[in-house]
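Accompanying notes for the structure given below.
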Amino acid sequence: MSAADYAWMASALCAQADPELWTEPGAGAVPKRICQRCPVRPQCAQHAAALEDTVGALAGIWGGTSRKQRRARQTEGAA
């Protein structure tokens, strides 16, 4: 992938916040509120899905969803 493939990340609201919010165990409400307002939430969710397809489960909040929520969506999509 080229740098252009990741250009959307510059507009991500999470890039302007403490990265620990997205990875701390039990943290979820604050990052999810930030994600709700983020203009690149769909790109983030798509990126997370692609990463999970190649490297496995991701920890933290991606595209406004937790690992558990992403796993449930994958299960629903496979059914």
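The values are calculated or read from the model by the stated rules, or taken from the named source; none is laboratory data. Values in this document were obtained by computation on a predicted structure and should not be read as measured data. Every residue, glycine as well, gets a Cβ built from its backbone with ideal geometry; the counts of neighbours run over all protein chains shown. The accessibility values were calculated without ligands, DNA or RNA, using every heavy atom of the protein model including side chains. Shrake-Rupley method; radii C 1.70, N 1.55, O 1.52, S 1.80 Å.
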Response to the item:
Residue hits (the stretch 18-69; in a loop (DSSP other than H, G, I, E, B) and of a type in the set (Gly, Ala, Ser)) are Gly26, Ala27, Gly28, Gly56, Ala57, Ala59, Gly60, Gly63, Gly64, Ser66
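If a residue must be open to solvent by 50 Å² or more (accessible area, probe 1.4 Å), under 12 Å from the mean Cα position of the chain (by Cα) and under 12 Å from Ser66 (Cα atoms), how many such residues does the stretch 22-51 contain?
Qualifying residue count, the stretch 22-51: 2.
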Worksheet entry | Close pairs from the stretch 1-29: first within 15 Å of Val40 (Cα to Cα), partner of a type in the set (S, T, N, Q) and at pLDDT 90 or above, Cβ under 9 Å, at least 6 apart | Trp8/Gln43; Met9/Gln43; Ser11/Gln43; Ala12/Gln43
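Would you please name the residue that is farthest from Met9 (Cα to Cα), looking only at residues in the stretch 58-79 that are among the small types (Gly, Ala, Ser) and surrounded by 10 or more Cβ atoms within 10 Å (Cβ to Cβ)? Write out each step before concluding.
Taking the stretch 58-79 as the starting set, the residues that turn out to be among the small types (Gly, Ala, Ser) are 59-60, 63-64, 66, 72, 77-79.
With the extra rule that they be surrounded by 10 or more Cβ atoms within 10 Å (Cβ to Cβ), the set shrinks to 59-60, 63-64, 66, 72.
Numbers: Ala59: 18, Gly60: 16, Gly63: 11, Gly64: 14, Ser66: 19, Ala72: 25 Å.
That would be Ala72.
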